[in-house]
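The values are calculated or read from the model by the stated rules, or taken from the named source; none is laboratory data. What you are looking at is a predicted structure, and each value in this text was computed from that prediction instead of being measured. As a convention, Cβ positions derive from the backbone with ideal geometry for all residues, glycine included, and neighbour counts pool all protein chains shown. Remember, those area values only see protein heavy atoms, side chains included, never the ligands or the DNA or RNA. Shrake-Rupley method; radii C 1.70, N 1.55, O 1.52, S 1.80 Å.
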Amino acid sequence: MADKTTIIEIAKESGVSIATVSRVLNGTVPVAPQTRERVEAVIRKYNYSPNALARGLVSRQSMSIGVLMPDISNPYFSTIFSEIESAAHEAGYSTMLCNTLYRSENNSCLEEEYMQMLMDKHVDGVIIAGGQQDLVNPGQGYLDALKRLASSLPLVMVGERIEDIPCIFLDRENADGVLTAVRHLVELGHRRIAFLGGEDGIKITRSRISAYEESLKTFGIRPDPSLIFLSDYYVKDGYAAAKSLIAANASCTAAIAVNDNVALGAMRAFIDHGLNVPKDISLISCEQFPNAAYYFPRLTSVDRHSELLGRRVIRTLLQAMKNGAGAQNTDPILAELIVRDSCCTPASQR
């Protein structure tokens, strides 16, 4: 019976060592064609399929990768994970997703527990995107757990470098996406441009607001702090931020949302308050998610190509697992403006 066949029996019948059978199964080391054919014939004969534990005992690998993300329902994280899972599968690895549900420091212990669990399960490498690492000031308990993880396993983190953490960092954030959004609005004639969404104390919020302010200065516009309405990164937060903008009577003609979720909520708030997008207020998102082309009006967004980031992350980890840290691709993933229907010239210029 196939489920009773062992790698030892496969090796014995093939006339080779257990290590050679393992090499054929894992594809980790070249095997002479005639030897490979002989081993594969026996494998087919018994319909042999090694379980992960048995393979791990032979190769000292679990053939698994841990992935920590705070909210898999967020399109940014789900897009990255989809690419990670696909590339890992092609390379013969399974993925263990840890959806940490991180929303505040009260949840940080779950991240730390997942880190320990991945070490206990002897995964071959770990990817972390989001969570407490995105805080401007992560908690000390989190940093201690992160250092233990990075010292034990190959680790790739998506985000800004954290001092004293011995791992690979891939920082996807740059000012180009926000600059592209501001330039588009300025070229249409807008001068009073609000910023909606993002949470205080989060690195990406700090980065994008800084880019927003510097981009305005580039075009000779003095940044106005009263036009920044922080909330969070989800649809309801966009609705809340846009309501605050309307209540402030800020007389702006355009708004930049931190991402498409926030833009969708803001669009609903504007419509509920009798404002037409884009005739009364133009709206643009500085991070595109799937389905932006199906909103009404279709949303102008900046595509940061999260799918490319996902592929780069998993390639970097696989290389680190095979050869150590190795060379890293530091070329920026360029943001791309996707012009649709949610922006037009201000009413005063029509």
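Here are some notes:
- Per-residue ellipticity at 222 nm computed for the chain from its helices equals -14000 deg cm²/dmol, with DSSP H segments shorter than 4 residues left out and the rest contributing -39,500 (n - 2.57).
- Bridges between two residues of the chain, per DSSP, are antiparallel at a rate of about 10%.
- Hydrodynamic radius by Kirkwood, which averages 1/r over all alpha carbon pairs of region 65-194, in angstrom: 16.1
- Ranking Met63, Met157, Ile8 by how far each Cα lies toward the positive end of the dipole of the chain (charges on Cβ) leaves Ile8 at the top.
- Three semi-axes describe the equivalent ellipsoid of the chain; taken as square roots of 5 times the Cα gyration tensor eigenvalues and ordered largest first, they are 49, 21, 17 Å.
- Working note: Debye formula, equal point scatterers on the alpha-carbon atoms of region 218-275, no solvent; log10 I(q)/I(0) at q = 0.14, 0.15, 0.24, 0.30 Å⁻¹ is -0.36, -0.41, -0.94, -1.28.
- Counting only DSSP beta bridges whose two residues both lie in region 248-350, roughly 35 percent are antiparallel.
- Think of a 1.4 Å ball rolled over the protein heavy atoms: the chain then has 48 Å² of accessible area per residue.
- Using the Stokes-Einstein relation with a Kirkwood hydrodynamic radius computed over Cα pairs, the translational diffusion coefficient of region 173-244 at 20 °C and a viscosity of 1.002 mPa s comes to 171 µm²/s.
- Percent carbon-and-sulfur accessible area, the chain, ignoring ligands, DNA and RNA, probe 1.4 Å: 51
- Environment charge at Gly310 (Cβ cut-off 12 Å; Lys +1, Arg +1, Asp -1, Glu -1): +2
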